[in-house]
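The values are calculated or read from the model by the stated rules, or taken from the named source; none is laboratory data. For clarity, every value in this text was computed on a predicted model and none was experimentally measured. Backbone-built Cβ (ideal geometry, glycine too); neighbour counts: all protein chains shown. Quick note on the areas: whole protein, heavy atoms, side chains included, nothing else; ligands and nucleic acids left out. Shrake-Rupley method; radii C 1.70, N 1.55, O 1.52, S 1.80 Å.
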Amino acid sequence: MANPRMGLSAHLEGIMNGLFLMLVGVVWHKFSLSPKWLTTSYWLLIYSTFANVLAVLIAAITGAGKMMPLEGGQEGGAGLETTINFLLISLSLALLFACTVLTLGYYRFMHQKLHEMTCTTH
């Protein structure tokens, strides 16, 4: 790898993203959302986690990755930088959107449970 430190980051990204997906899977049944929103969130999570690993892996192999200076990313060719930047920005937007939708779904679930509890005690 042209940037071994970035290679380590790619490895850690894979582990952390895998753990994140497992955690979401554990609480998946607690998201009170329509099937459409659940499906959308699912695919956005899958895309964002794989795009994250892929962007960092490409940067590690090529040494490019100007958007990741803390990991030693240097400016690469225009095509590489465009690919890496697209992956990083799109995965961020996808993950932000999916987490927002899932947070709202969890809020709805908790609100429903609280409503059920108050209705049964009166």
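What is the distance in Å between the Cα centres of the stretch 82-122 and the stretch 1-45? The distance from the Cα centre of the stretch 82-122 to that of the stretch 1-45 comes to 14 Å. Taking the empirical scaling 2.2 N^0.38 Å for compact globular proteins as reference, the stretch 1-62 has a Cα radius of gyration ratio of 1.37.
Name the residue farthest towards the positive end of the dipole of the chain from the options Ile61, Thr82, Leu45, assuming +1 on Cβ of Lys and Arg, -1 on Cβ of Asp and Glu, about the Cα centre. Value computed over the given set: Leu45. Element breakdown for the chain at a 1.4 angstrom probe: carbon and sulfur atoms account for 73% of the accessible area. For the stretch 1-118, the solvent-accessible area with a 1.4 angstrom probe is 62 square angstrom per residue. Shown here: the chain, whose C-alpha atoms stretch 66, 23, 20 Å along the first, second and third principal axes, sorted largest to smallest.
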